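Asks: After the structure tokens below, expect a handful of questions from me.
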Amino acid sequence: MTENIFAIIPAGGVGSRALTADRQIPKQYCTINGVAMLQLAANALRADTRVAAVHIGVTAEDTWIDTLDLGPNVYVHRTAGATRALTVSATLQAVLDRDDHDGWALVHDAARPGLQPDALTALIDACLGQKTGGLLALPVPDTVKRATVDEQQQVCVAQTIPRDGLWLAQTPQLFPARALLDALRNAMSQGLEITDEASAMEAAGMRPLLVRGSAENMKVTWPADFA
């Protein structure tokens, strides 16, 4: 395995929870200070010169991607599937098919435009230094409640969950590319719920590193998050 690092941004969804009557385009193309979130996410990944290229997986029908000036070493693949795992695995395969080396895959959300350069560098340093995969994350700062629905259909507290040892996963997540592709395919074949790349690697028996991220690296999910 070489130390070549390439980034993948799965961008096949629309982000329906972020849409409003005035905002009806796919979430990743909505703008912040006049720049599409997908563009901001791609730019952030190039802050570390060890990231050789950025590969974006979109649907075959996506015409919004053609309106962006993505800059050098950013490549678009019509590889998006019905789920994140399908999009990442198909885009990974496309990259590995075109390159004659394996390297490391750095997967980042299109809806995280606030990735800070020092967090990206810390993740790459940690993973390459330990020769194992990992992800940015934050320790849970708040009291955690598990919810239930009562007889009146009101959402209420079922129990308080101890937050010790709980972290909120972010992206980027960095793993050896071939190992990640195998883990994603194996997890999907078993019908496992794969919500991020780390969960696929965990199912394969790996214990990814947790590298502290930052609050600025939030995922834009709800309409109010844009502000």
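The values are calculated or read from the model by the stated rules, or taken from the named source; none is laboratory data. Remember, predicted model here, so these are calculated numbers, not experimental data. Here the Cβ is made from the backbone with ideal geometry for all residues, glycine too, and neighbour counts use every protein chain on show. Accessible surface areas use protein heavy atoms only, side chains included; no ligands, DNA or RNA. Shrake-Rupley method; radii C 1.70, N 1.55, O 1.52, S 1.80 Å.
Asks: Between Thr148 and Trp167, what is the spin-label point distance in nm, taking each point 7 Å from the Cα along the Cα→C-beta axis?
Replies: About 3.1 nm, to one decimal.
Asks: Using alpha-carbon positions, what is the distance between the centroids of region 43-77 and region 155-221, in Å?
Replies: So the two Cα centres are separated by 23 Å.
Asks: Just tell me which lysines come within less than 27 Å, Cα to Cα, of Lys145; anything on the same chain fewer than 8 places away is out.
Replies: Lys219
Asks: Report in % the part of the accessible area of the chain that belongs to carbon and sulfur, leaving out ligands and nucleic acids; probe 1.4 Å.
Replies: 50
Asks: Still on this structure: From the phi of every residue in region 175-191, what ³J(HN,Hα) in whole Hz does the Karplus formula 6.51 cos²θ - 1.76 cosθ + 1.60 yield, where θ is phi - 60° and glycine or proline is x?
Replies: Here the 3J(HN,Hα) series is 9, x, 4, 5, 5, 5, 4, 4, 5, 4, 5, 5, 5, 5, 5, 8, x Hz.
Asks: Given a 1.4 Å probe and heavy atoms of the protein chains only, how would you sort Thr132, Thr87, Thr160, largest accessible area at the top?
Replies: Largest to smallest exposure gives the sequence Thr160, Thr132, Thr87.
Asks: Would you indicate which of (i) 46, 43, 31; (ii) 72, 42, 33; (iii) 59, 43, 36 is the value of Cα extents along the principal axes in Å derived from the coordinates of this structure?
Replies: (iii)
Asks: Sticking with this structure for a sec: For Thr79, which sequence-distant residues (separation of 5 or more, or a different chain) have an amide H within less than 5 Å of its own amide H, given hydrogens modelled in the peptide plane?
Replies: Result for Thr79 returns Val58.
Asks: Report ³J(HN,Hα) in whole Hz for each residue of region 72-78, in order, from the Karplus equation J = 6.51 cos²θ - 1.76 cosθ + 1.60 where θ = phi - 60°; Gly and Pro get x.
Replies: Result, rounded to whole Hz: x, 6, 10, 10, 9, 10, 8.
Asks: Moving on. Mind listing the long-range amide H neighbours of Val54? Cut-off is under 5 Å, sequence gap 5 or more, other chains count too, H placed in the peptide plane at 1.01 Å from N.
Replies: Correct list: Ala7, Val74, Tyr75.
Asks: Then there's this: Just from its helices, what would the mean residue ellipticity at 222 nm be for the chain, if runs of 4 or more DSSP H residues each count -39500 (n - 2.57) and the sum is divided by every residue, rounded to the nearest 500 deg cm²/dmol?
Replies: It comes out at -8000 deg cm²/dmol, rounded to the nearest 500.
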